[in-house]
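Engineer: Quick one: the structure is below, questions incoming.
The values are calculated or read from the model by the stated rules, or taken from the named source; none is laboratory data. Source: prediction; values computed, not measured. Note: ideal-geometry Cβ built from the backbone for every residue, glycine included; neighbour counts use all protein chains shown. The area values use the complete protein model at the heavy-atom level, side chains included, leaving out ligands, DNA and RNA. Shrake-Rupley method; radii C 1.70, N 1.55, O 1.52, S 1.80 Å.
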Amino acid sequence: MVAGTTAAFLGLAVALGGGLATPASAADPATLSGIILGVGANETQRIVTWYSSADTAQKVQLAPTATLANGEFPAGAATFDAIGGANIATSGGFNRHATLASLQEQTAYSYRVGAEGNWSPTYSFKTQDFEGDYDFLFYGDPQIGASGDVAKDQAGWQDTLDVSLAANPNAELLVSGGDQVETAGTESQWTAFLAPDKLRQYPWAATIGNHDVGSKAYEQHLYTPNTDRSAPLYANGQPTSNTSGGDYWYIYKDVLFIDLNSNSYRTASGGGGDEAHIAYVTDVINQHGAEAKWTVLVYHHAIYSPADHAKDSDNKVRRVDFPTAFSNLGVDVVLQGHDHSYSRSYEIKNGAKANPGEQPGAADVFPGPGGVIYVTGNSASGSKYYDITAPDNSGTSGAGNGADPLNPNSYWYNSVQNQEHVRTYVKVQVRSDKLVVENVRSGTCAAPNAAVERGAWCNNTPANQPVGSIVDSVTVHPYQGDGQAIQVNVPNAAPGEFGWTIDGYNGLVNLGTAEDHNGDYFAAAGHINPIVVSDNRRSLAPWSISASVSDFRDGDKTFSGAYLGWTPQVIEAGAGAQASGSVASGYDDHGQGLSVSRGLGWANQGHAKGTARLGADLDLKIPGSVEKGGYRATLTITALSS
């Protein structure tokens, strides 16, 4: 156990090769504050940001927690040099940040910031498996200071973090909906926002809100990865001004996250407007979309929301500019803040409801090609709530705020709307074959709930719903097109789970349990989704069904579809159906397997009319040399007939 831990630690240190920074002068130690753990470019990184009272060379020291002795870091602890600069005058002091890279999975780490002789307290975080399922939590506007009582707002914010992470201790990301504070340049509000230690234990994925944008304090406190800080992505087109801006992206396991500065929405203000954001999203998805299985956009200004901001002129502009582009780019979910109330949209395609028959509050949705789900988060701190507003007669698509024909008290675009004046957060479960989105109560009408404590109404619906109860839950199922998506999770050289399941809507085929054969290869067997063939033609012409599989891919990792073989069968006789011959896995015979088109079933000229169901037993053998990962391929089925 000790040897294993040491090896991981040394690997990290060697890979990083962090240099020693010049220590701060013992006579003039820097005061270190505002430390926050941020998201990195991927699951192997974290970014730490902090304030310093002195302009000295500083760093982050990192080590696996198991290597600390009596709280002391080992002599070989990895170090990461920090960079930064002077803060704006209203903030005072200096900012620093450092990227922790080459982290190992399933490891508890301890870290501290500063320099020799002047370290901060030690904080810790834990990485989990770098492949597979995970959960992340999304928080609507904390907006510390919005109630007029910073201490009460901080108490509600602290409680939401404590409650949500006690219920979900293995959540891997904390995603922001924007408006961390009420007044962008007021450091006392930032101090209250950053007070919870959970923000030093779980990575915060920041978002710029309209209350954050008016100062450099947002950028000083919250450094983000892969950030484009060019002029078009600032509302005033001036990155050097005392405002914050920029768009950024990162990939965490199977999700490509793209975060936008929605404060820049019109070119008349000097920036590039919504057009610049669309160009950015398009470029990121074109370059990196294939590396992930899901695409999630995050920005502050909710374009499909139920409360005071639903009819704002700027949101109507975004509601026209964004949806068609997002549909065309294959975005799955959009997370938004700003309106301090909860909503979950219907499937929106090209600025209209994709499926007129989708019922309000549906627990399962199946967005076909171009369908996007938009979620608006309620207040995570209780500092401010906005009451739901009434629809009007302005239309039921595009920029309109007309009523839902299926639920006239709601806007046409919202499947669920909720406002109880109770703190909530959104939990998103990322699974290989679905996303589960839940809005969860993190408080009740009781304190801490600053807005209610200061006189606002409160009404759990139905009455007296406890902390942890669910306001809304929806499962978003992916659209697989005309083929069948097949996923293979390759474990390390030990038995792993390998599942094949296809439901009635032709969803993702998951693996069950795979067996490791002495490290030589992994093997699994399963079944394709049955193919139904109906033939009632007078001509009784011959027909055939064939299929081929693509290579299995996970980002830039791949293995050949030739390793998939099958044994076709007629499950239900009819239409003269006969099963085609078996095809061996290429692992067995060094052949091409299903990487080339192979027959599944056929019928001769003059066959009887009727319906048949064709299936096939699948045989997948994967070389033991294949890297661990979550791999997908597409089985393309072709029907031919005279």
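Engineer: Please give the direction-averaged projected area of the C-alpha convex hull for the chain, in square nanometres with one decimal.
Structural biologist: On the way: hull surface 129.2 nm².
Approximately 32.3 nm², given one-decimal rounding.
Engineer: Just tell me the longest site-free run in the chain, where the sites are trypsin sites (Lys or Arg not before Pro) in a DSSP loop having at most 14 other beta-carbon atoms within 10 Å.
Structural biologist: Longest gap between qualifying sites, sites excluded: 1-453.
Engineer: By a straight-distance test (C-alpha under 15 Å), which aspartates and glutamates pair with LYS198 as possible cross-link partners, with residues fewer than eight away in the same chain excluded?
Structural biologist: Hits, sequence-local ones excluded: ASP159, ASP162, GLU172.
Engineer: Okay, moving on. Calculate how steeply helix 150-167 sits against the longest principal axis of the alpha-carbon atoms of the chain, using the helix alpha-carbon long axis, and give the answer as 0 to 90 degrees to the nearest 10.
Structural biologist: 30
Engineer: How large, in Å, is the range 141-191 by the Kirkwood hydrodynamic radius built from its alpha-carbon pairs?
Structural biologist: With all distinct Cα pairs of the range 141-191 included, I get 11.7 Å.
Engineer: Let me ask another. So if we plug the beta-carbon distance of ASP283 and ASP556 into 1/(1 + (r/R0)^6) with R0 = 30 Å, what FRET efficiency do we get, rounded to 0.05?
Structural biologist: That gives a FRET efficiency of 0.95.
Engineer: Students often get this wrong, so check it: of LYS126/LYS628; LYS126/LYS216; LYS216/LYS434; LYS152/LYS434, which have C-alpha atoms separated by over 32 Å?
Structural biologist: Details: LYS126/LYS628 20 Å; LYS126/LYS216 30 Å; LYS216/LYS434 38 Å; LYS152/LYS434 38 Å.
With Cα atoms farther than 32 Å apart: LYS216/LYS434; LYS152/LYS434.
Engineer: Also, I was wondering about something else. I need two numbers for the range 282-431: Rg to one decimal and Dmax as a whole number, Cα atoms only, in Å.
Structural biologist: 14.7, 43
Engineer: Just to verify a number: what accessible area does ASP321 come out at with the full protein assembly present, 1.4 Å probe, Å² rounded to tens?
Structural biologist: Probe radius 1.4 Å; accessible area of ASP321 about 60 Å².
Engineer: Which shape class applies to the range 52-100: rounded if a/c is under 1.5, otherwise prolate when a/b exceeds b/c and oblate if not, where a ≥ b ≥ c are the square roots of the Cα gyration tensor eigenvalues?
Structural biologist: prolate
Engineer: Right, something else. Rounded to whole Hz and in sequence order, give me ³J(HN,Hα) for the range 59-66 from the Karplus expression 6.51 cos²θ - 1.76 cosθ + 1.60, θ = phi - 60°, writing x for Gly and Pro.
Structural biologist: Per residue, the Karplus-derived 3J(HN,Hα) values read 7, 10, 9, 9, 7, x, 4, 5 Hz.
Engineer: Now, a different point. Between 0 and 90 degrees, rounded to the nearest ten: what's the tilt of helix 2-16 against the longest Cα principal axis of the chain?
Structural biologist: Value to nearest ten degrees: 80.
Engineer: Determine the gain in length on full extension of the stretch ASN70-ALA86; use 0.36 nm per residue of separation and subtract their C-alpha separation, reporting nm with one decimal.
Structural biologist: Taking ASN70 through ALA86 to full extension adds about 2.2 nm, to one decimal.
Engineer: Taking only Cα atoms, what is the 0 to 90° angle, nearest 10, from helix 273-288's long axis to the longest principal axis of the chain?
Structural biologist: It is inclined by approximately 50 degrees.
Engineer: In addition: Full extension from ASN536 to THR240: what is 0.36 nm times the residue separation minus their Cα-Cα distance, to one decimal in nm? If you can, show how the numbers build up before the last one.
Structural biologist: Values: separation 296, 0.36 × 296 = 106.56 nm, distance 7.12 nm.
Result for the pair: 99.4 nm of gain on full extension.
Engineer: Here's something else I'd like to know. So, with a 1.4 angstrom probe, what is the percent of accessible area on the range 34-161 that is carbon and sulfur?
Structural biologist: Working: 1990 of 4260 Å².
Summing carbon and sulfur atoms, their accessible area is 47 percent of the total for the range 34-161.
Engineer: Using helices alone, what [θ] at 222 nm do you get for the chain, with -39,500 (n - 2.57) per DSSP H run of 4 or more residues, divided over all residues and rounded to the nearest 500?
Structural biologist: -3500 deg cm²/dmol
Engineer: Given a 1.4 angstrom probe, what's the average accessible area per residue across the range 511-642, in square angstrom? Could you put the intermediate results ahead of the total?
Structural biologist: On the way: 6180 Å² over 132 residues.
Solvent-accessible surface per residue comes out at 47 Å².
Engineer: Same structure, new question: Counting only DSSP beta bridges with both residues in the chain, what percent are antiparallel, rounded to the nearest 5? List each step's numbers first, then the result.
Structural biologist: Numbers: 122 of 148 bridges.
Restricted to the chain, the bridges split so that about 80 percent are antiparallel.
Engineer: Right, next: Would you kindly calculate the translational diffusion coefficient of the range 85-240, applying Stokes-Einstein with the Kirkwood radius from alpha carbon pairs, for 4 °C and a viscosity of 1.567 mPa s, and quote it in µm² s⁻¹ without decimals?
Structural biologist: 76
Engineer: Computed over the Cα atoms of the range 591-642, what is the ratio Rg over Rh, Rh following Kirkwood?
Structural biologist: 1.09
Engineer: Next question. Taking the Kirkwood radius as the inverse of the mean 1/r across Cα pairs, report the Rg/Rh of the range 179-233.
Structural biologist: For the range 179-233, the value is 0.97.
Engineer: Tell me which lysines have Cα within less than 21 Å of LYS316's Cα, excluding those fewer than 8 residues away on the same chain?
Structural biologist: Counting by Cα, and skipping residues close in sequence, LYS316 has these lysines nearby: LYS349, LYS353.
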